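S.K.: Take a look at the following structure, please.
Every read-out reported here was derived from the displayed coordinates using simple, explicitly stated rules and does not represent laboratory data. Predicted, not measured: the structure shown is a model, and the values here were computed from it. So basically every Cβ, Gly included, is an ideal-geometry build from the backbone, and we count neighbours across all protein chains shown.
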Amino acid sequence: MKTKLFIILFIIIPLVLGLKLLAIRGKYLGTKASSTNWWEIQSIDTVKYSRDLAREKAKDSSFDEVIDTQVRLIAETGATHVAVGTPYAEEFVPFLKRWVSAARKYGLKVWFRGNVPGWERWFGYPKIDRNEHTSLVREFILANGALFEEGDIFSSCTECENGGPGDPRRSGDVAGHRNFLTEEYKITNDAFRKIGKNVRSNFAPMNGDVAALVMDEETTNSLGNIVVIDHYVGSTEKLAKDLKNIAEKSGGKVILGEFGAPISNIHANFNEEEQATWIRLALSEISDIPELMGVNYWTSFGGSTRLWDSDYRPRKAVEVIRGYYKPRVVEGLVSDERGKAVKKADVIVGSKQLLTTNSGIFVLPVNSEKVTITIQADGYITQQLEIDSEKNIEIILIKGEENILFKIQKFIYQITH
């Protein structure tokens, strides 16, 4: 009897208290299982300024202030990337560097969404074929390694169907188009390896109808299971439906490479309030599509879909974008009846899911004030509860079957707290 009492007093109690201290310490010092962005890639496009004015403003140093202000405003929305459309040619490298420099200043990654100018004969460049395109893209990457950093995205041929040998919907050369996309990915990926930069180069933006034709499972797999569609449609319901269909047909993850409103020949002539409403409905429709891993709003400044006016006044749509790029978060600790953190528990809110850390911590984005949260862990009873989206909630899981040691630890914890 004395031996059992000794074990309880000098071994089990310190063990239980030690576990509790570790859980408490983890709550404040542990690495968080954190996902505070709604999407992995949250981008805003600058093409009207970063591409269209690339030659006109090449030697205008005062334009640096414009670049800086635009990129700062984009960063303030919670964007992870800024999309830059400057062409891939030596003439435009100094201009491109100015945009990249501003992105680094404000902590943004760059989505390079340009192209070799000869592909669509931008700025009067002579037309090039597929082999020339691949060669020039490779040379561009190898010659300009300082432009890139880990986490950037490089699209070697943005909307390829608009140049070169033409749109496969009309030319019928679906196989050739697929082979070109695959070959470009292999070449660009190899080039980034050679310069020691971890840059994604398997993002090949294309019209949604082109993707439906070209991106079968084999092609998608050859591009790292990523499909990027630049897609403008009249209804928000169709936008969501098309994204789901592309994901199902291709078997891959989907990036909405361009979307925005209003487009004159697709939408009505929206006023500012109507624009914000359409974008809000669109983001709501697509927000819980699990295969959707990123969006790029087109565009920041310039054109009918702009988020800011030329005097930098934010339109109402900016707050809508910010609501998803900087969402509310629910943060919490998952523990059991012994006060011990439950590690690697599944925490699910809508389409968002992650595992708790070794300290039982989780952080997840939410897009409403009240959310339903589900917590699952091996050996524990699944819990589902409705909560207000607030920080620092604590969830206690109930053990399905309790062995004798668990019962002792649970008892001691209950009498000491």
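S.K.: By per-residue mean of other Cβ atoms within 10 Å, what is the highest-first order of 82-94, 117-129?
M.R.: Listed from highest to lowest mean packing, they are 82-94, 117-129.
S.K.: Take region 346-399, drop everything but the C-alpha atoms, weight them equally and run the Debye formula without solvent; then report log10 I(q)/I(0) at 0.12, 0.17, 0.23 Å⁻¹ to two decimals.
M.R.: -0.25, -0.51, -0.95
S.K.: When DSSP assigns beta bridges and you keep just the ones with both residues in region 41-325, what percent turn out antiparallel, to the nearest 5?
M.R.: If I count the DSSP bridges inside region 41-325, around 5 percent turn out antiparallel.
S.K.: Still on this model: Return one number: the angle in degrees, 0 to 90 and rounded to the nearest 10, between the long axis of the Cα atoms of helix 272-286 and the longest principal axis of the Cα atoms of the chain.
M.R.: 60
S.K.: What's the angle, to the nearest 10 degrees (0 to 90), between helix 63-76's Cα axis and the longest principal axis of the chain?
M.R.: For 63-76 against the chain, the angle is about 30 degrees.
S.K.: Among the listed pairs Lys244/Lys326; Lys197/Lys253; Lys57/Lys194; Lys105/Lys238, which are separated by more than 29 Å between their Cα atoms?
M.R.: Lys57/Lys194; Lys105/Lys238
S.K.: Rounded to the nearest 500, what is the chain's calculated 222 nm mean residue ellipticity when only DSSP H runs of at least 4 contribute -39500 (n - 2.57) each, over all residues? Don't skip to the end; give the middle numbers.
M.R.: Values: 14 runs with 158 residues, N = 417.
Value at 222 nm, helices only, nearest 500: -11500 deg cm²/dmol.
S.K.: Round to the nearest 10 and give me the degree value, 0 to 90, for the angle of helix 404-416's Cα axis relative to the longest principal axis of the chain.
M.R.: The angle comes out near 80 degrees.
S.K.: Pairs of alpha-carbon atoms within less than 8 angstrom and 6+ residues apart define the contacts here; what relative contact order does the chain have, in percent?
M.R.: Relative contact order for the chain comes out at 18 percent.
S.K.: Students often get this wrong, so try it: which of [x] 169; [y] 146; [z] 533 is volume of the Cα convex hull per residue in Å³ as calculated from the structure shown?
M.R.: Computed from these coordinates, volume of the Cα convex hull per residue in Å³ corresponds to label [x].
S.K.: Ranking request for peptides 327-340, 208-221: highest mean number of other beta-carbon atoms within 10 Å first, then the rest in descending order.
M.R.: Most protected by this proxy first, the peptides run 327-340, 208-221.
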